[in-house]
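The values are calculated or read from the model by the stated rules, or taken from the named source; none is laboratory data. For clarity, every value in this text was computed on a predicted model and none was experimentally measured. Cβ coordinates were reconstructed from backbone atoms using ideal geometry, including for glycine residues, and neighbour counts include every protein chain displayed.
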Amino acid sequence: MRIVILCLLIARTCLGTEQFNLTIKEFEEKFHKSYGTLEEEEAAVKNLAAHEAEINAQNEKFAKGEASFDEAVHSWDDLSNEDFLKQMTGLILPPEDERVNTPEVLAHFDNLHKMYNRQELPDFWDSRDPGLTNSLSGWITPAKNQYTCGSCTAFAINAAAEAALIKAGADLDSMDLSEQWLLNCSPYGDGNYGCDGAWPDAYGKWLPTRGVLMHEDDYLYTISANKDDCKDGPYWNPGYKIDNFLHANDCTDKEIMMQIKEYGSVVMTLMVEGGFNDYNSGVFSGCFSGGPPNHSVLAVGWGTLNGLDYWLIKNSWGADFGENGYIKVKRGTCNTNYGCTVVTALESTVCSKDSPCGTGEGHCASNDMCQSGSCGSNNCPAIETCPQCYDLLPDADCCEGPVCANPTYFADDFCDDLNNNAECNYDGGDCCNNGNLGWNVYCSACECKDPSARCDGTQANMWSCCSSSSPCQENEGACDIASDCNGDLKCGKDNCPGSNFLQHHNGAMADCCYEPTVGNGCDGTQTNMWSCCSSSNQCGENEGDCDVDSHCLGNLKCGTNNCIGANFQNNADCCYQ
């Protein structure tokens, strides 16, 4: 019983760890390898033998309780150490004088410290754990494989982006961002050399500016990089988008922990050496040189095993590496505090045929995803939430307003119906400026559709301001018939009050809507006496002012200067028997 308990406590098998003595043929069969020349095969035999000797020695120590991790043979153990690092890592470090934390980074950490000074960080965290993350499946996607391309940084940044999107609310099962998109389409320079490596800034500063994402199914990984072969879509919108990126230098353990818990993961840079490449299980503690980092990975948690504090790290060497693609690295080793990078995500509008977007919203993939029927190209607003990001226009397409249907006749002093909309500025102002000669020749309604236009005489299109679809209130104009006026108001004749109507319309008399029963009918007490009688508002005997007989009821006639009573002004015409 003591032996069993001891075995469980030290997390090792009491039967001993595996010893490896594969022949080159067995290695080829196990990992589906082949060699083009005898020289290549001989080099593979030599490299495999050296790796197996180191692995077996480490496993003997592990079995005796003298080591904290064991190792296993992997598909890359036929490579020299130099070739392995070139193909399976890929971190490029920035110049030392650029390793300065910006004010944004300092403020970021200051806020985190204030937040976590009021709460304790747990002794154990795993962003894959549904219980800890209060989610259905955790926040982390399965480990991927970069194969023989030094693209670890692209995989690490995408892994962080996937975690941020899932934490924000995106679906884990469908989450699979394209690394090829980053390799082929992110900008040249700034430590971005495709399969020859990159610094996290190269992708982290670019990804939030896109406004969209590309799915692995739409841009498959080719184990290569070609900046001249960038694929423009189709883009993918899972309902969330990356909105910010932040890189810090010389991060403390607490700062890394706070960010993992707050954002789901941290892109970590570290040193690969001392058996890291053949790790199988346990807590890796083999780093010895204290050299600079050469590999980008994703830290998703932390804990303690057999007295050793560790980082839980998602690697990009496939699920066959380590513990389903993960490695536990002893904290404070392998230069894991050199730098830390986070990305964040927020909700994004999803345009569809069933739910089309408005102007300025996106991403749209076709015109029928827009209310206006017009989807633009690379026209979404630039990202404003990422101070460290590149100043680049996004790839995202946003819905546009309707274009001018008759661009040839735009702003030509004539109102064209098809251009009479806000996006076309009401035909360049033609439909709201009746001062232009012949402005109403080519339009059917001849009305300004600008909702901000008021019918008080200040608008340029005063002559068509009132209509049946947009009736005017009292003392607003110009109207043509009673239906241009609201409710029981009538349309008068040359009765618009105020200087606005005269000043803006060259002194022309305008017709305004009026209340026909102000005072005692048309008995001279109303303010708009001169237009009280009309064909649609006929007057009775001794009521005025009238202009023609049809303004009077029945057989009454319209007189001349015949209105009686002090209420009427001189020269007023009234209906008489």
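The figures follow:
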| read-out | value |
| --- | --- |
| Residue selected from the stretch 211-256 under the condition among the hydrophobic types (A, V, I, L, M, F, W, C) and part of a loop (DSSP other than H, G, I, E, B), by the criterion nearest to ALA299 (Cα to Cα) | CYS251 |
| Flag for ILE140 being closer than 14 Å to ILE242 by Cβ, in contact (Cβ under 8 Å) with a residue 24 or more places away in the chain, buried (at least 21 other Cβ atoms within 10 Å of the Cβ) and of a type outside the set (Phe, Trp, Tyr) | no |
| Residue list for the stretch 404-426, restricted to those being part of a helix (DSSP H, G or I) and crowded, with 18+ Cβ neighbours inside 10 Å | TYR409, ASN419, TYR426 |
| From the options ASN226, ASN184, residue that is in contact with a Lys or Arg (Cβ under 8 Å, 6 or more places away or on another chain) and over 26 Å from ASP320 (Cβ atoms) | ASN184 |
| Residue satisfying condition, being over 28 Å from GLY131 (Cβ atoms), in contact with an Asp or Glu (Cβ under 7 Å, 6 or more places away or on another chain) and in the same structural domain as ALA156 (by TED's automatic domain parsing), within set HIS295, HIS215 | HIS215 |
| Test: residue in the stretch 265-281 that is over 22 Å from ASN324 (Cα atoms) and outside the structural domain of GLY65 (by TED's automatic domain parsing) | no |
| Residues located in the stretch 327-351, provided they are assigned to a strand (DSSP E or B) and among the charged types (D, E, K, R) | LYS328, LYS330, GLU347 |
| Lone unmet requirement of (1) modelled with pLDDT of 95 or more; (2) surrounded by 18 or more Cβ atoms within 10 Å (Cβ to Cβ) for ASP83 | (2) |
| From ALA164, ALA156, ALA107, residue being among the hydrophobic types (A, V, I, L, M, F, W, C), outside any loop (DSSP other than H, G, I, E, B), without any contact (Cβ under 8 Å) to a residue 40 or more places away in the chain and under 26 Å from ASN249 (Cβ atoms) | ALA107 |
| Test: CYS539 is buried (at least 16 other Cβ atoms within 10 Å of the Cβ), closer than 22 Å to ASP511 by Cβ, modelled with pLDDT of 90 or more and not aromatic (Phe, Trp, Tyr) | no |
